[in-house]
Amino acid sequence: MNGYTYTELKDTRSGFGDGLTELGRKNKNVVALCADLTGSLKMNQFKIENPKRFFQVGIAEANMMGIAAGLTIGGKIPFTGTFANFSTGRVYDQIRQSIAYSGKNVKICASHAGLTLGEDGATHQILEDIGLMKMLPGMTVINTCDYNQTKLATLKIAEHEGPVYLRFGRPKVPNFTNLEQKFEIGKGILLNEGNDVTIVATGHLVWESIIAGRKLSDMGISAEIINIHTIKPIDKKIILKSINKSRCLVSAEEHNFLGGLGESISRVLTENDPVPQEFVATNDTFGESGSPSKLMKKYGLDSNSIVKAVKKVLLRK
């Protein structure tokens, strides 16, 4: 089992904020819009350094999406910032009509996604946003795992032509990836080689998969672990290469099992090489108020749940 370690806990939203600040210094076409959550989205430094390129639209998320779409016509690269629930569910019509339909170059950056939003509860813990966004034609969907990867993704999507949904979170999590590693949209990352089972994870579940891999190794089970940061377009090649060895797969995500990463993988398997698959995800349910760690445990989104899913899928080989 390859050794991944971390020296600090950092929130992924700060990776977005620092990436945006760096973009502001390098690319004068980058502009930022926020819906009354500048501090929460870590956009303050960009605002301080670029007051004429920052637009505080207030609690008017739908209007923010329309303004962002309009700014692209003049060659600007707008980054919108608000909570994931307000970035998708609240403004789906505006995204579909004003951004996706005409392929506008808007970067929809969404924080506070999933159960790890914690005490704010079910109304804010959106668990269906990936499904909503990946179904929009032409929309790229990215879900990062730590601070470093979020910063790299933020920098990279500015170069990508077309609408992007970038999803990240609030809590401080292990920062274990390398800032020197190249971030490629649509390319998964092999974290550990193994022969018995393939674990494909995204977002906060990547670190939990690494922990699960260590536990499985102690049990004599060799797990191949893949970090899929880009859910659309999904990296079919890395998945198919892995299951050619393991012949079974577990998907892990902080999202409803309906419409998320797991379903995208199922399509890849069905069309190319059907093998048994188990899902680690929420089971068609809303969340509730509680600490992030307790919620992840209760809803089966931790390393022990991944280990359990691996044992189950191995029996189906």
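The residues of the range 217-233 that are part of a helix (DSSP H, G or I) and charged (D, E, K, R) amount to a single one, D218. Each residue in the range 123-153 was checked for being under 12 Å from the mean Cα position of the chain (by Cα) and polar (S, T, N, Q), and 5 of them qualify.
For the range 178-216, filtered to residues that are of a type outside the set (D, E, K, R) and surrounded by fewer than 16 Cβ atoms within 10 Å (Cβ to Cβ), the residue that is nearest to I265 (Cα to Cα) is L190. The set of residues from the range 121-153 being β-branched (V, I, T), in contact (Cβ under 8 Å) with a residue 40 or more places away in the chain and farther than 17 Å from T202 by Cβ is empty. A Cβ distance below 9 Å, combined with a sequence gap of six or more or placement on separate chains, defines the contacts here; from the range 171-186, residues that are over 15 Å from T230 (Cα atoms) reach residues that are surrounded by fewer than 19 Cβ atoms within 10 Å (Cβ to Cβ) and of a type in the set (A, V, I, L, M, F, W, C) in the pairs P171/L9; K172/L9; V173/L9; P174/L9; N175/L9. Within the range 168-190, being aliphatic (A, V, I, L, M) and either in a loop (DSSP other than H, G, I, E, B) or under 16 Å from the mean Cα position of the chain (by Cα) (or both) holds for V173, L179, I185, I189. The set of residues in the range 118-139 that are in contact with a Gly (Cβ under 9 Å, 6 or more places away or on another chain), part of a loop (DSSP other than H, G, I, E, B) and among the hydrophobic types (A, V, I, L, M, F, W, C) comprises A122, I126, L127, M135, M139. Filtered by the rule that a residue be within 19 Å of T116 (Cα to Cα) and not in a helix (DSSP H, G or I), the range 142-167 gives I142, N143, T144, C145, D146, Y165, L166, R167. Among the residues here, I142 does not qualify as crowded, with 22+ Cβ neighbours inside 10 Å, among the hydrophobic types (A, V, I, L, M, F, W, C) and in contact with a Gly (Cβ under 8 Å, 6 or more places away or on another chain). With respect to the conditions (1) touching a residue at least 24 places away in the same chain (Cβ under 8 Å); (2) farther than 20 Å from H112 by Cα; (3) among the small types (G, A, S), S266 lacks only one, and its number is (1). Among the residues in the range 97-117, are any touching a Lys or Arg at 6+ places or on another chain (Cβ under 6 Å) and part of a loop (DSSP other than H, G, I, E, B)? Checked the range 97-117: at least one residue is touching a Lys or Arg at 6+ places or on another chain (Cβ under 6 Å) and part of a loop (DSSP other than H, G, I, E, B). Look at the range 201-216: where a residue is within 13 Å of S305 (Cα to Cα) and part of a helix (DSSP H, G or I) and a partner is at pLDDT below 95 and of a type outside the set (S, T, N, Q), sitting 6+ places away or on another chain with Cβ atoms under 6 Å, you get I210/Y4; G213/M1. Among the residues of the range 68-92, the ones that are more than 25 Å from G121 (Cβ to Cβ) and in contact with a strand residue (DSSP E or B) (Cβ under 6 Å, 6 or more places away or on another chain) come to 6 in all. Yes or no: the range 235-258 includes at least one residue that is more than 19 Å from I189 (Cβ to Cβ), of a type in the set (G, A, S), modelled with pLDDT of 95 or more and under 16 Å from the mean Cα position of the chain (by Cα). Looking through the range 235-258, none of the residues is more than 19 Å from I189 (Cβ to Cβ), of a type in the set (G, A, S), modelled with pLDDT of 95 or more and under 16 Å from the mean Cα position of the chain (by Cα).
Looking at the range 24-35, is at least one residue touching a residue at least 60 places away in the same chain (Cβ under 8 Å) and assigned by TED's automatic domain parsing to the domain that holds T154? Talk me through it step by step, then tell me what you get.
Looking only at the range 24-35, we keep the residues that are touching a residue at least 60 places away in the same chain (Cβ under 8 Å), and these are 27, 30.
Those left that are additionally assigned by TED's automatic domain parsing to the domain that holds T154: 27, 30.
Yes: one or more hits.
Do we find that K151 is in contact with a Lys or Arg (Cβ under 9 Å, 6 or more places away or on another chain) and charged (D, E, K, R) in this structure? No; evaluated as a whole, the condition is false for this residue.
Restricting attention to the range 96-137, which residues are surrounded by fewer than 23 Cβ atoms within 10 Å (Cβ to Cβ) and among the acidic types (D, E)? Correct list: E119, D120, E128.
The values are calculated or read from the model by the stated rules, or taken from the named source; none is laboratory data. All figures in this text were calculated on a predicted structure; none of them were measured in a lab. Using ideal geometry, Cβ is built from the backbone for each residue, glycine included, and neighbour counts are taken over all protein chains shown.
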